[in-house]
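Novice: Take this structure first; my questions come after.
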Amino acid sequence: MSSELVQDYTVVQGRAKSFYERFERKPELQHQTHFCPGCGHGIVHKMLARAIDELGIQDKTILVGPVGCSVFTYYYFDVGNVQAAHGRAPAVATAMKRSRPESIVIGYQGDGDLSAIGAAEILHAANRGENITVIFVNNAIYSMTGGQAAPTTLIGQKSTTTPEGRRSLTEGYPMHVSELLATLQGPVYIERVGLGDNKQIAQANRAVRRAVENQVKGLGFSLIEVLSTCPTIWKMSAVDAQHWVRDVMEQTFPLGVFCDRTKEARPRRELEAAPSLDRIPGLLGVADQELPEAAATLSEAVQAIDLHVRVAGFGGQGVLLLGEVLAEAGLDAGLEVSWLPSYGPEMRSGTSNCHVRLSSQTIDSPLVTSPGILVAMNEPSLRKFDKSVRPGGWVIYNGEEFPPDCVREDVRVLALPFTQVAHDLGDARACNMVMLGALLEIAKGLPQASIDAALGRLIKNTKWLALDERALTRGRELFRGSFPEV
Amino acid sequence: MTETPQKDRGLLRIDVDECKGCGLCIEACPPKAIDMSEHLNHYGYRTAVYAGAGCTGCGICFMACPEPGAITVLRAVMATAGVVPAMNTGIEGAAHA
Ligand SMILES: Cc1ncc(C[n+]2csc(CCOP(=O)(O)OP(=O)(O)O)c2C)c(N)n1
Ligand code: SF4
Ligand code: SF4
C-alpha cells in the first residue's frame, strides 16, 4: 500500500452508543467504570453494548442486572434498567418479557448470582424456554463479597471459604451450568466462551451478539457463559488472569456450543399481553363492587385510630378472616392498613395467627410484635402471646376461665365463652365475628359503614353475612356489658 | 501541495484519564504498538500509550480493554477510493462502527 494515499482517519472502534456518555455513579472520572483494572466484566459489558448498538435495539432493550460486582449495570447502559434481587434476574426478566413482549430483555448474572442463590430461577426460566437472553459471567468465585467459593470454583482453587483449595469431598464439583441447562428442552442456544486470548474474545463477541439476535428473531431462550477474569480476587495481574482462563479454567469448563436449536426454532407466538390494571377487578369477579376510595379527609375519630392487633387461634377458627375484615374496614375508612398472616408450619392444624395494623400514618412495619390488642381464640394461643401484649393493652380471650397465671396487672381482659355465644346465635364458627365485635368497641373510631362494606366484600354467602352481622352486634353488646365505662 | 508524510494504516487514541493501566491492550496488540507509560495519570495509574507507529487499525486492543472508551481505534481512509481498507480483524462488526 502506498502511504501517500492515506488521506484521513476514521474511527473503526470506539465507545458504544449504548453506554451513557457520563456515568453518574461518582462525582469525578465519570467516563470510567467502577471495575478493578483488567476486570472481565468491563470486557463483557462492551460486548453487550456493541451487540445492542449493532442490532439497533437500544430503545427497546431492558437490562436486568444482578447482585455482585456488576450490580451497577444501570449506571452504564443507556437502556431500560432493572436491578434484580440476588439470583432473581431470570424471574424478573420473565416478567418483563411477558408483559412487554416487544422489548428485548437481557439478564446479566455472575456465577454466584446465577449458579448458587439463583440456581432455581435460571433452571426454570431455561426450562420454560423464556424468550430472553442471559449473559452469564463465570469468574469461578464470589468477587464482590471478597472471594468466597462459588458452585463454579475449580477443584483445588483457594478461596476464603476453601482456604486449602476446593475439595469435591466437602464442596462437591464445579457446576457445569451450560451443560446442565443444555439437557433441557427449553433453551434454543447455549454456548460457553472465554476471555482467555484474542481469539476467544472475538468468539465471545460473536456469541453475545448471536444470543441477543436470537431474541430479536423471537427464537427463545439463549444463554452465553463467559469464562471471565477477576484479577483482584485471583491475586493475579490482568494478563496472568487472562492466561489462567485459557490455560486452567478452560480445562474444567470446555468452550463450545452445547445447544443450538436455532435452525428448528420457529419464532415464538407472542404470549397474550398481561391484562391491564382496569381489567383485573373483572377477572377477579369483583368488578361490580365499589372498591374503597381513600378518604380525602378523615374524621377526627378515624384519624385517632392506631391499632396493633394480633389474632391467634387454631386453624379453622377464622383467625385470618377476622384480621382481614378488620383491615378491609380500615381500608374503607381511608386508613393505612396491613394484614400479615403467619401460619408457618402449623398451616394445616394447630395455631395460626395474623398481624393487623390500622393507622392514619404510614405503617412502618406490618409485624405486630407487641400488640395493643390480642385476640386469643384458645388457650395455647393466649399462652403463646400474652407476654407480648403492651402495657395498657387488651386481651380478648375465648374462654370463661382466664388462666390465673396469665393475669397481668397492666393489661385488661375480656374473657367470655365466645364459641358458645356464636353457637347460640346459630353457628359456633361465627365465634371470630363475635370477638371482632368486642374488638371494635375498643377500636371505637371505625365507622359502622366501613365495617358493613368490609363484610359485604369478604363474605359472599348471604346466610353467613346475616349471621356475621348478628355476631358482630352481639360482640359489641357483650363488651359494653362487661366494660360499660370504656 | 507538499508530500504527505509516511502514515500508518491505523491510529490509536488512548484516553489516559480513563485507562487503568491493566496492560491487556499491550498483550493483545498483534504488532506490539502499545507501551506502558513511565509517568502516572491523575488517578495514579501508569497508562497505556501508543508507541507512535505501527498501528494497523485492527481494533483488537479495543475489545481486550475493559473500559468503554479508553481506546479509540482509527483506520486510514484512502484518498483515491475514499474508503476504509478492508481487513480481517477477527472481530465481527469491526468494520461497522
Ligand atoms: C440475598 C443476598 N444474599 C447474599 C448477598 C451477598 N452477596 C453479594 S454479591 C454475592 C456474590 C456475587 O458473586 P458473583 O455472582 O459470582 O458475582 P461477582 O461479584 O463475582 O461478579 C453475594 C453472596 C446479597 N447481596 N444478597
Ligand atoms: S473484584 Fe474481580 S470481578 Fe469484581 S470488579 Fe474487581 S476484578 Fe472485577
Ligand atoms: S486495556 Fe484499556 S485500561 Fe487496560 S491498559 Fe489498555 S487502555 Fe488502559
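Novice: For a quick check of your reading of the model, give me the residue pairs whose first member lies in the stretch B:18-30 and is more than 16 Å from ligand 1 (Cβ to nearest atom), whose second is of a type in the set (D, E) and at pLDDT 95 or above, with beta-carbon atoms closer than 9 Å and at least 6 apart or on different chains.
Specialist: Within 9 Å, the pairs are B:E18/B:E67; B:C19/B:E67; B:K20/B:E67; B:C22/B:E67; B:I26/B:D35; B:E27/A:D197; B:A28/A:D197.
Novice: Now, a different point. Being touching a helix residue (DSSP H, G or I) at 6+ places or on another chain (Cβ under 6 Å) and within 7 Å of another protein chain (Cβ to nearest Cβ) is the filter here, so list the residues in the stretch B:23-66 that pass it.
Specialist: Residues satisfying the conditions are B:G23, B:L24, B:E27, B:A28, B:I60, B:M63, B:A64, B:P66.
Novice: What's the total number of residues in the stretch A:410-432 that are within 23 Å of A:S370 (Cα to Cα) and part of a helix (DSSP H, G or I)?
Specialist: 1
Novice: Residues that are outside the structural domain of A:G118 (by TED's automatic domain parsing), more than 32 Å from the chain's Cα centre (by Cα) and over 27 Å from A:C69 (Cα atoms), at least 2 per element: which strands (runs of 3 or more DSSP E) completely within the stretch A:178-282 meet that?
Specialist: none
Novice: Name, by its number, the condition in (1) assigned to a strand (DSSP E or B); (2) free of Cβ contacts under 8 Å to residues at least 40 places away in the same chain that does not hold for A:T145.
Specialist: (1)
Novice: Can you tell me which residue among A:A93, A:A51, A:A89 is more than 16 Å from ligand 2 (Cβ to nearest atom), under 19 Å from A:F136 (Cβ atoms) and in contact (Cβ under 8 Å) with a residue 60 or more places away in the chain?
Specialist: A:A51
Novice: Given the conditions (1) surrounded by fewer than 24 Cβ atoms within 10 Å (Cβ to Cβ); (2) more than 17 Å from B:G69 (Cβ to Cβ), and given that A:H31 satisfies all but one, which numbered condition is not satisfied?
Specialist: (2)
Novice: Sticking with this one: Out of A:R266, A:R209, which single residue is more than 14 Å from chain B (Cβ to nearest Cβ) and either more than 16 Å from ligand 2 (Cβ to nearest atom) or touching a Leu at 6+ places or on another chain (Cβ under 8 Å) (or both)?
Specialist: Exactly one of A:R266, A:R209 is more than 14 Å from chain B (Cβ to nearest Cβ) and either more than 16 Å from ligand 2 (Cβ to nearest atom) or touching a Leu at 6+ places or on another chain (Cβ under 8 Å) (or both), namely A:R266.
Novice: Suppose the filter is among the β-branched types (V, I, T), more than 25 Å from B:I60 (Cβ to Cβ) and more than 25 Å from the chain's Cα centre (by Cα); does A:I57 pass it?
Specialist: Judged against the criteria, A:I57 is a match.
Novice: For residues in the stretch A:89-121 being of a type in the set (A, V, I, L, M) and within 25 Å of A:V248 (Cβ to Cβ), which is surrounded by the fewest Cβ atoms within 10 Å (Cβ to Cβ)?
Specialist: A:A119
Novice: State all residues of the stretch A:399-439 that are within 20 Å of A:V325 (Cα to Cα) and free of Cβ contacts under 8 Å to residues at least 40 places away in the same chain; if no residue qualifies, say none.
Specialist: Of everything in the stretch A:399-439, those that are within 20 Å of A:V325 (Cα to Cα) and free of Cβ contacts under 8 Å to residues at least 40 places away in the same chain turn out to be A:T419, A:A428.
Novice: Take A:R25 and tell me if it is within 7 Å of chain B (Cβ to nearest Cβ), open to solvent by 10 Å² or more (accessible area, probe 1.4 Å) and either among the charged types (D, E, K, R) or within 22 Å of A:A93 (Cβ to Cβ) (or both).
Specialist: Here the answer is no, as A:R25 does not meet what is asked.
Novice: In this structure, does A:Q58 turn out to be buried (at least 24 other Cβ atoms within 10 Å of the Cβ), over 30 Å from A:H176 (Cα atoms) and either away from ligand 2 (no atom under 16 Å from the Cβ) or not aliphatic (A, V, I, L, M) (or both)?
Specialist: no
Novice: Let me ask something else. Restricted to the stretch A:102-126, and to residues that are away from ligand 2 (no atom under 16 Å from the Cβ) and of a type in the set (D, E, K, R), which residue is modelled with the highest pLDDT?
Specialist: Per the stated criteria, the residue is A:E121.
Novice: Report, by residue number, each residue of the stretch A:222-253 that is in contact with an Asp or Glu (Cβ under 7 Å, 6 or more places away or on another chain) and either more than 12 Å from chain B (Cβ to nearest Cβ) or open to solvent by 60 Å² or more (accessible area, probe 1.4 Å) (or both).
Specialist: Result: A:I224, A:L227, A:R246.
The values are calculated or read from the model by the stated rules, or taken from the named source; none is laboratory data. Predicted, not measured: the structure shown is a model, and the values here were computed from it. Don't worry about glycine lacking a Cβ; one is built from the backbone with ideal geometry, like all the others, and counts go over all protein chains shown. Each accessible area value is taken on the protein alone, full model and side chains, heavy atoms only, with ligands, DNA and RNA left out. Shrake-Rupley method; radii C 1.70, N 1.55, O 1.52, S 1.80 Å.
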